[in-house]
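The values are calculated or read from the model by the stated rules, or taken from the named source; none is laboratory data. Just so it is clear, the model here is predicted, and its values are computed rather than measured. Note that we place each Cβ from the backbone using ideal geometry, even for glycine, and neighbour counts take in every protein chain shown.
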Amino acid sequence: MLFFEKSIPDYLIRKGNLVRLVLFTAIFALAFINIYDPFSVESYLELSGIRLFLYSSFVILTGVLVVVISRVIMYFYSKIKRLNYWQYILWVFAEILVMAFVYSIYVKFILADGRDFMELFNVTMKNTLLVILLPYTILWLFFSWQDKSLKLQALEEKDEPSPKTKSGMIPFRDEKGTLRLSVQQQDLLYLEAADNYVSIYFIQHNKVQKFMVRNSMNAYEEQFRDSRIIRCHRSYMVNLDKVRIIRKEQDGLHLELSIEPSISLLVTKTYVKGVLEAFSSSSSLDA
């Protein structure tokens, strides 16, 4: 039960992967329906050739529309609250239920299928489960493998001794693992989430510079675990070495960075404990 209460991994709601899911599911379903004919429309309605292809294309278009609307809602909802595994499974089941209901109405009332509606719905529900769950499962396994491969690659590169590592250079990679930026830790200020990008702020030539990388804040939070770069807000990570003042205000803790003009980052309740513990730990080490 504890597993299903965990938040789903970031790769399941990454924008690029959501697009891949919609396209792959559409192609898979189109091929599957034309080859296997799971809804039995060819035998019941004497559809074949171009008519079967047109029917299946309409079915796929309807299903794609349901999935697109559902995944857009999921994408924006996840920015407010991350789904756990139970919620994700129920969400997928709801997608299948809606698609099966729409298909049943289409076959019953537009194609004038003579079968009882409930009998038709039961058949449609079973076949929709098959048509949708197969590509969903294949993609879930692929996204998981891809994510683990990128993390393993990052760990291997992190363990390799190099002049950059020794000099304190911090690598920032995109969601595909490609190196986009390296910054001296002493020059790094903070990170800010911006949709499916992360903005990296750092000092260069005594000025604050900004560089955007296509990746998620969760990925960088994992990369910088047990380091001086920690999460202080849903949208921010901060380099604690650049914080000069912590002040308590009515809306919460604020971290003021040691730059001019001054920049202040809010610490939300979720991250207050971790931030204070990190500062307490560094204070104890300094003492």
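A few comments on the model shown:
- Enumeration of residues in the range 177-202 that are under 14 Å from I259 (Cβ atoms) and surrounded by fewer than 17 Cβ atoms within 10 Å (Cβ to Cβ): Q186, D187
- When R214 is tested against (1) under 18 Å from R180 (Cβ atoms); (2) out of contact with any Gly (no Cβ under 9 Å at 6 or more places or on another chain), just one condition goes unmet, and that condition is (2).
- Filter pass, K126 being over 30 Å from Y236 (Cα atoms), in contact with a Leu (Cβ under 9 Å, 6 or more places away or on another chain) and outside the structural domain of M217 (by TED's automatic domain parsing): no
- The residues of the range 141-174 that are modelled with pLDDT under 75 and among the β-branched types (V, I, T) amount to a single one, T165.
- Unmet criterion (only one of (1) of a type in the set (D, E); (2) within 28 Å of the chain's Cα centre (by Cα); (3) part of a loop (DSSP other than H, G, I, E, B)) for E260: (2)
- When the residues of the range 17-68 are filtered to those that are among the small types (G, A, S) and assigned to a helix (DSSP H, G or I), the one that is modelled with the highest pLDDT is A26.
- With respect to being closer than 30 Å to D10 by Cα, among the hydroxyl-bearing types (S, T, Y) and surrounded by 18 or more Cβ atoms within 10 Å (Cβ to Cβ), T128 fits the description.
- Consider the range 259-277 and keep the residues that are within 21 Å of Y201 (Cα to Cα) and surrounded by 13 or more Cβ atoms within 10 Å (Cβ to Cβ). The one that is modelled with the lowest pLDDT is I259.
- Output for the range 57-106, where each listed residue is aliphatic (A, V, I, L, M), in contact (Cβ under 8 Å) with a residue 40 or more places away in the chain and closer than 12 Å to T128 by Cβ: V59, V67, V92, V102
- Among the residues of the range 55-100, those that are small (G, A, S) and surrounded by fewer than 19 Cβ atoms within 10 Å (Cβ to Cβ) comprise S57, S70, S78, A94.
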